[in-house]
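Q: Sharing a structure below in structure tokens format, with a few things to ask.
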Amino acid sequence: MGRVRVPRTRWLAAALAVVVWAALMGCSAGPLPGPPNSSLTPPPSPVAPTVPTDGLPLAAFGFSNGPVREFSLPRATVVTVVVDQPNNVSAVMSRPSAAELYAYLLRALPAGGFVVTDQDRATATLTFVGHGWAGSFTADAGSSAVLLRPA
């Protein structure tokens with residue numbers, strides 16, 4: 001038996017039809033599934049994060065990991081202990097007071113594009129998320145600490 005030859009133009013037309021069909025099917029498939037929408041994940045903000053005038057970004061305190069441009073601390077902050085790793089960023093601070101840091105963070109976090117998810121003024125604690133990081137602030141009479149971890 002002989003071999004059947006398909007003219008080259010017919011083969012190209014068939015290949016083109018398959019490519020067009022595949023492209024159209026991909027466009028009509030709807031959005032790709034993604035992570036579920038979480039109330040802890042802030043929506044993308046059209047406004048760029050800002051640092052209050054009385055604050056400095058984390059990078060100014062020598063940090064190279066974490067949200068170093070978006071997260072800030074007051075200019076007068078004295079950092080006594082630093083952990084600067086890709087999966088854990090921590091700062092223990094001796095100044096300003098816990099009440100001052102707490103008040104600053106409540107004001108600075110939303111400006112920096114973070115969402116405060118829990119707060120307790122009585123214990124000077126709060127938690128927040130943003131820019132792919134989850135964080136917490138806690139304090140006692142002598143020092144305060146901020147912990148940031150990838151969300």
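Q: Starting with the fewest neighbours, write out S90, S144, S72 ranked by other beta-carbon atoms found within 10 Å of each beta-carbon.
A: By the 10 Å Cβ count, ascending, the order reads S90, S144, S72.
Q: Would you give the gap between the C-alpha center of segment 59-95 and the C-alpha center of segment 97-146, rounded to a whole Å?
A: One Cα centre to the other: 13 Å.
Q: Moving to a separate point now. Of the options L58, G132, Q85, report the single residue whose Cα projects farthest towards the positive end of the charge dipole of segment 47-151 (beta-carbon charges: Lys, Arg +1; Asp, Glu -1).
A: Looking along the dipole axis, the top candidate is L58.
Q: Still on this model: Label N65 and V78 with points 7 Å out from Cα along Cα→Cβ: what is the distance between them in nm?
A: 2.7
Q: What is the sum of charges around R75, taking Lys and Arg as +1, Asp and Glu as -1, for the other residues whose C-beta is under 13 Å from the C-beta of R75?
A: Cβ neighbours under 13 Å give a net charge of -1.
Every number here is computed from the coordinates shown, using simple stated rules; none is lab data. Keep in mind it's a predicted model, so treat the numbers as computed, not measured. Because the Cβ atoms are built from the backbone with ideal geometry, glycine has one as well, and the counts that use them run over all protein chains shown.
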